[in-house]
Amino acid sequence: MTKWVKFDSKSKHGIAVCNFKVERVGFLKLFIGDVVLIYEEGDEWYRGQLSKDKTKKGIFPKKFVHLKEIGIKKTGSLDLSGRITTLELPLIQEITTVLREWHNIWKQLFVERRHELMSVQDMMQELIDQRRKIMSRKLTAEELRDIQQKIATKIDLGNALLGLDLVVRDELGSVLDPDVTSTIQLFRQHEEASERIKSEQELGIKDTQREKIDKTKDELTSMNWPQTFNIYVMLRNFVCRIGEDADLLMSLYDAKLGKFISENYVVKWGKEGVPKDIDNLNNFKVVFTDLGIKDRQREKVFLVIQVVRVGVMDPNDVNDKKQTKCLRRPFGVAATEITDILQGLKEVNEDMQQFIPFQQPSGEEFMESLIKKVVSAKEINHKGQGLWVSLKIMMGDLKQAREEHPHLVTMATAVSRKMGFPEVIMPGDVRNDIYVTIKQGEFTRGSKTADKNVEVTVLVCNKQGEPLKDVISYGCGNDMTNEYRSLVFYHEDKPKWFETIKIAISTEEEFKGLHLKFLFKHRSSSESKDRSERPFAMSFIKLLNQKNGTTLNDTDHNLLVYKIEKKDDKQAPYLDLPCTRDDLEEQGIHKDSKVPLFSGPFTLSQRDSFQINTFVCSTKLTHNVDILGLLKWQELLNELDPSALRLHLEKLMHVDGEEIVKFLQDLLDSLFRILIENTISDTYDSQVFECLVHIIGLISDRKYHQFRPVLDAYITDTFSFPSAYQKLTTLLREYVDRATEVNQKYLVKAMKSLEYLFKFIVKSRSLFNLLEEGKGKVAFEQTMKHLLHAISGMMLHTSDNTLLAQGSALKYMCSAIKDIAQVFDLVELSRLMVEFINNVPKERLTKQKLKCIDDLVHSDLFKYPECRRILLSMILSHTKSLMEEKKEELEDCILVLSDIMDVMYSKDF
């Protein structure tokens, strides 16, 4: 017998999800969508009543209803009881309400046979699908924001199509509450929504596919994606008959440029056809990180998996036991295009599995040519061989990916970095990597009767020729090693490897005197013969330029190949020999010269050649001499060479912006250290100040605007110069006081940099307060007052020479208020801002003045009544006179007054 239990707290509510048609006494008949009030439950049954008709009571099956969390919403102070509403996301509630309203209209459209019927039906189906996605609770915060905007657009278009009222929303698509939103704001949002819907209707956009039609690269850039994103890949399975151990090398490949853009992710696969580490069978996960807008704009991007067999030279040889083991041999390539995924045109998630067909080489084919063949092939005869993977796009940087997807990106998940910098380099992201690609070579037979099976061994050695330990990586997911051994091609005199490894050195100091050493060895198929083989030749290249301390250029290097005549070369003096063809020519030795070049056991082989490519990805090492000079400014001063430092400071203004932002933190540290260095007095002050202004201006430029958070993070977390404010305030005032004398280019740049100059001043003073416990507070306030008064005084000039500087001051002064307010009296600051505006001559920069006034309305000062009283009288005086005298400024004046009404409506006032 069923035991009935009353709910402990209040009754529950449910929605009927299926019809329950029973005519017997004691049962409650239900139709889909009925809301029921439940107050008792049994094993499989509920007892309750209909919400809309409380006289109808009875029992009904639990499976026929879906329980809902219910709350009471009061519509006003006089509404004592309120109305019942579900405790769901406002977006879900809106979709539900819209669907109910549209459904009734849809039925009427069907009866009247109206042409809008199918359009409304498609829209309703899409809203249902989107609602289901949200209810699954699998969306990240970023994905939820995106889907909310799409739904809002869809609802607005549908309402317009059906002639319903327009719903006023904010920028994120949320419905605005008229009780907490000003009339001005409601009007503006209503106007924007009307224009948006009108333009979309004119374009004939009817469904979400509009985002996928005729999408140009510029449109892709404007998508609602962050600056950086990641690709998550999980290897599900690898189906292939190899018979030996194998390395799977997974990476991203740009087919248009014909080069890899990410590090390898290495998975060790066993000869039994399962992973060597069987415990990781369902845990082969990697995140390809540091990707940005430029990567989304690539024309053809592939996920490429190279399969390297690790075993004997020829697995079909019957004398397998006598063969040399552990040779790395090319076995095949698998590739799938992911361009649409990167560009957001194709949706993927971690639950979807994708098959990537596998292609083996024909004979002794190079991996490079096989990759090009696979990515250009329309179909691959894979014979059922291939890999199963799952992919997912993750927004933001790696930290955000870990926070939003903790079940996918764990500490055990491998991270494959881009072979290059992300578009935003945050402070603390220290890299000191050199990517080396072993490209190709040409080797004579020598005493051999056939072409050699050449294996390249890469070592990183110090000045003494000793190899460094654990500094070489050929892919994430694998431990660092002392050396790297290349693929071996059978009887090939012109091998093409195109294998990339990473040299990771922890500090800049360790790079001094280091060089890469390449040993070439013939690998015999026979194990007994292979034991007696020794390296027959070597090449080397130094990591740093000995003349100026810069790193290797990011380019191809044609290395000289030296034959090794003796077995023992550990203490061989080869470092004095030229290492590249360019070095040889610099020494005046022609490449075809018959004069032997040798040192100890090493003799130059004119007929052999070897080519590598290097790419430096470092926040400590640079190719640029001027940046290097600034980073090592102390060494220049110790060498008593002040003119060299002055030259480096001067040339910094002409260095490419890409290089400056790469070393932003270290450059700023160097500039501030030079600025506050007591021993060099004020010799370099003006130049350092101009360099600071140049860097701030560079970050403010639209091209590098994504680095603003980097500069903000530097000021907040890294900046540590308590006395810098004294020099900065003095230098800024000097430039302002000499407004008619100094180079206007630098004065304009200084005015454009006011926000960050004051950020540095305020941060420096705050650090000084912590150290000295508020010492010099009055003197600092006087200095700040004089500085602000000087900027106000600059606005009095009427010459054309100062026009640009004055316009820049009006545009950027208000952006500094938030920081100045931390260390300066707010009322006094308000008076100085009034003086600043009033000093602008009547017929000069009128539009800029009104824009500055509008910025003041939106500043922190306007929130405080005592400041607002001071500012309002000035604002109203200017707007009144302009509205009376200059009709062309009427619209701008009305905008200012409207903003005042809008801002003061806020509950903060």
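The values are calculated or read from the model by the stated rules, or taken from the named source; none is laboratory data. Keep in mind that what you see is a predicted model, and the values were worked out from it rather than measured. FYI the Cβ positions are ideal-geometry reconstructions off the backbone, even for glycines, and counts take in every protein chain you see.
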Problem - Breaking point among (1) crowded, with 19+ Cβ neighbours inside 10 Å; (2) within 27 Å of I434 (Cβ to Cβ), for F615 - result: (1)
Exercise for the section: For S815, indicate whether it is within 27 Å of P709 (Cα to Cα) and among the polar types (S, T, N, Q). Expected result: yes
Exercise for the section: Go over the candidates N432, N453, N462 one by one and state the one that is touching a His at 6+ places or on another chain (Cβ under 9 Å) and over 30 Å from T324 (Cα atoms). Expected result: N462
Practice task
Kindly indicate which of T444, T410, T457 is at pLDDT 95 or above and either within 22 Å of L552 (Cβ to Cβ) or not in a strand (DSSP E or B) (or both).
Solution key: T457
Practice task
Give the residues of the stretch 104-117 that are in contact (Cβ under 8 Å) with a residue 12 or more places away in the chain and either loosely packed, with under 13 Cβ neighbours inside 10 Å or over 19 Å from I32 (Cα atoms) (or both), sorted by residue number.
Solution key: E116
Exercise for the section: Please verify whether the stretch 45-55 includes one or more residues that are touching a Pro at 6+ places or on another chain (Cβ under 8 Å) and in a loop (DSSP other than H, G, I, E, B). Expected result: no
Fill in the blank from the handout: Picked from the stretch 118-140 (must be surrounded by fewer than 16 Cβ atoms within 10 Å (Cβ to Cβ) and closer than 15 Å to L161 by Cα), the residue farthest from the chain's Cα centre (by Cα) is M118
Practice task
Report, ordered by the first and then the second residue, all pairs with beta carbons closer than 7 Å, sequence separation of six or more or different chains, a first member in the stretch 307-334 that is assigned to a helix (DSSP H, G or I), and a second member that is modelled with pLDDT of 85 or more.
Solution key: D320/V312; K322/S526; K322/E527
Practice task
Six or more apart or on different chains, Cβ under 7 Å: which pairs go from a residue in the stretch 159-172 that's under 14 Å from W106 (Cβ atoms) to one that's of a type in the set (S, T, N, Q)? Could you list them?
Solution key: L161/S119
Handout entry: Any pair with Cβ under 8 angstrom, 6 or more apart, that starts in the stretch 820-849 at a residue that is in contact (Cβ under 8 Å) with a residue 60 or more places away in the chain and ends at one that is charged (D, E, K, R) and crowded, with 17+ Cβ neighbours inside 10 Å
Key = V823/R765
Exercise for the section: Hand me the list of helices (runs of 4 or more DSSP H) wholly inside the stretch 652-721 holding 2 or more residues that are over 26 Å from the mean Cα position of the chain (by Cα). Expected result: 664-676, 685-700
Practice task
Answer yes or no as to whether I72 is part of a strand (DSSP E or B) and at pLDDT below 85.
Solution key: yes
Practice task
Could you tell me whether any residue of the stretch 841-856 is farther than 22 Å from K785 by Cα and acidic (D, E)?
Solution key: yes
Practice task
Within the stretch 682-714, work out how many residues are closer than 17 Å to S670 by Cβ, at pLDDT 85 or above and not hydrophobic (A, V, I, L, M, F, W, C).
Solution key: 6
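Can G420 be described as within 28 Å of D479 (Cβ to Cβ) and not β-branched (V, I, T)?
yes
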Practice task
Collect the residues in the stretch 515-552 that are closer than 30 Å to H623 by Cα, touching a residue at least 12 places away in the same chain (Cβ under 8 Å) and assigned to a loop (DSSP other than H, G, I, E, B), keeping them in residue-number order.
Solution key: L543, N548, G549, T550, L552
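Being part of a strand (DSSP E or B) and within 20 Å of the chain's Cα centre (by Cα): is that true of V415 here?
yes
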Practice task
Would you confirm whether any residue within the stretch 750-757 is surrounded by 18 or more Cβ atoms within 10 Å (Cβ to Cβ), among the basic types (K, R) and assigned by TED's automatic domain parsing to the domain that holds D666?
Solution key: yes
Problem - Members of the stretch 884-900 that are more than 16 Å from L845 (Cα to Cα), surrounded by 13 or more Cβ atoms within 10 Å (Cβ to Cβ) and not β-branched (V, I, T) - result: L895, L897, S898, D899
Exercise for the section: Kindly indicate whether S473 is within 30 Å of L664 (Cβ to Cβ) and loosely packed, with under 15 Cβ neighbours inside 10 Å. Expected result: no
